Structure formats: structure tokens, C-alpha cells
Amino acid sequence: MIEDFLTHGVRDVEEALRKAAAAEVIPRFRQLGESDIVEKSAPHDLVTVADRRAEELLTADLAALLPGSVVVGEEAVHADPSTYEAIRGQAPVWIVDPVDGTRQFVHGDPGFCMLVALAVDGEVKASWTYAPVLDECAVAVRGKGAWLDGRPLVAGSPEAGADLEVATSHPDFTTEEQKRSLLGLRVDGVRPRPCGSAGLEYLAIAKGELDAVAFSWELAWDHAAGLLLVTEAGGADLTLTGEPFRIGGGNALPFTAARDAATARRVVELLADAA
């Protein structure tokens, strides 16, 4: 059933994303009122009416596309944390971030996206990264590659001798121990900078425009889609202990995703040495 869907249903998910964006996200871009925005855990952790309504629409449409599947959405989990457990279950699971980069969305910055991943038994089978204002849609299917608007994505390798550009977690989302690890990137030959939308940072790696990320949180809706996109574009990911990232959780943090395996190893070594 899953393989048949991955052969014939990939385009349907893209259409569901475009539908949700057109109905609930784009009409509210740069049009939000104060009552449309709520702070969750911190000033940088926001939710808007667009997040909630887009997730509701995607939840209905994605579940209908694949009978027997379940949906784990960021806003639904915020309302009922127990729903996150479906990621570790047996049923095919859609992992949804209706607006990744809500802070950018709230401030009228086009640098946000919508993320969907399809996972089975803890393995991501396909992913979709849609940036509605930028009009870009990236798709990855495990074992079959990654594409941006129909063009193959190849991450390549960093230029020999050039500084590595690495996007890192915002300090608000790091423990003191993780902050020490991330300070390991402040060395000659590496240029760390704060990350924006996680989904768009992963897309930048897959495009070969960013060398790596170093993130300190593991919520699946932020990472599942992008990690498959990077892997299928030829990149690699590693946690602090040198193991691949697991969407079910329990990862040693921080972790990295990078344009190639050598870069991933270098970033992890710097993070581990500073821990």
C-alpha cells in the first residue's frame, strides 16, 4: 500500500499543501491582528490562527489520501501531547508542521514553509517542503531522490578550503550543556549563524547553499521532512554520539545534517569536543 502511494500519490500531497496554503496561510500573510497570534512556551515560540486552520485542513486531507494512516501535527500535539506517541506506532503517520518559521510569518518575512513527512515504523518514506510565498516545493522519496519543482536536488560538497556555513539553534531552545557544544563551532574555518525556518535551512543544504545545521531539539515535525530531503540529495545526518537521527526521539543532542558525510563528521566532532 505504501509503495503504491509513493508511486502514485506524491503529487496529491503537494496539492493538499497548496490548497491549505491558499485557503488559510497566504490570505493571512502580513494581515495578522494581535488576536491572531499566541505565545506558547517562549517569545520565539508562537502560534497563529493560520497554523491551526492549515493543520486542520491538512489533517483531514492527508488522512483521506491514505486509509489507515494517522496525523501528528504540531498544534494538535500542543493541545494533547499524548498524540505524539503515534510516531512510534505501527500505522503510517503523517508528520505535519503547518507553518515552520511562525516567527518569520508573524513578522511578514517570506522565509517560512509548510512541512509534511510520511513515516512508517519510524522511517521517513517521503517528505514535502513547501514555501508558499517563495513558490518553491521540494519533494523527497526514500531511495528515489529529491527534487525542487521537478528538478533534481544534489547537495554536493563544500568548496575545499572555504569556511563552513552552519545554521544553529536559537539560544532560547538550548540547555547550558548544549550551548557549550554549539560553542565548539566558533573556530577558524566555521561560520555559525542563527537558524531561521528549520525546513528552509534543510532545503538550503539540499540545494548546496548551506553547508550544515546544528540543532538542539528533536521534535519530529521540524526535522523529519528536511532530513530525508538532505539524505536523498546526497547529504548525511549524525547525532552527538555519531548515530543517525531517529524521529522517534531519544537522540544525543545537538545533532547535525550536512551536505556530505565528511562535513557531518567534522561538525559532530567539534560539537562533541566542546561538550
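The values are calculated or read from the model by the stated rules, or taken from the named source; none is laboratory data. Given the structure is predicted, the values throughout are model-derived calculations rather than measurements. When we count neighbours, we look across all protein chains shown, and the Cβ atoms used for this are built from the backbone with ideal geometry, even at glycine. SASA here: full protein model, heavy atoms, side chains in, ligands and nucleic acids out. Shrake-Rupley method; radii C 1.70, N 1.55, O 1.52, S 1.80 Å.
Structure values in brief
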{"item": "Karplus-derived 3J(HN,Hα), 6.51/-1.76/1.60, for each residue of the stretch 116-128, Hz, glycine and proline x", "result": "9, 10, 10, 10, 9, 6, x, 10, 6, 9, 7, 8, 9"}
{"item": "In nm, spacing of pseudo-spin labels at Val187 and Ile2 (7 Å Cα→C-beta vector)", "result": "3.8"}
{"item": "Solvent exposure of the chain as accessible area per residue, Å², 1.4 Å probe", "result": "42"}
{"item": "Segment Ser157-Val49, extension gain: residue separation times 0.36 nm, minus the distance between their alpha carbons", "result": "34.9 nm"}
{"item": "Area accessible to solvent at His8, 1.4 Å probe radius, in Å²", "result": "130"}
{"item": "Amide H within-cut-off set for Leu240, under 5 Å, with H built and near neighbours excluded", "result": "Ala252, Leu253"}
{"item": "The chain: relative contact order as a whole-number percent, Cα under 8 Å and 6+ apart", "result": "16"}
{"item": "Length-normalised contact order for the stretch 153-237 - Cα pairs under 8 Å, 6+ apart - percent", "result": "41"}
{"item": "Amide H contacts under 5 Å for Val70, placed H, 5+ residues apart", "result": "Val93, Trp94"}
{"item": "Inter-part distance where the stretch 211-259 and the stretch 72-117 are each reduced to a Cα centre, Å", "result": "16"}
{"item": "Kirkwood-type radius of the stretch 80-140, with distances r between different C-alpha atoms, in Å", "result": "12.7"}
{"item": "Accessible surface of the chain, 1.4 Å probe, proportion on carbon and sulfur as whole %", "result": "50"}
{"item": "Extension gain, Ala275 back to Glu243 (0.36 nm per residue minus Cα-Cα distance, nm)", "result": "9.9 nm"}
{"item": "Of all DSSP beta bridges in the chain, antiparallel share, percent nearest 5", "result": "75"}
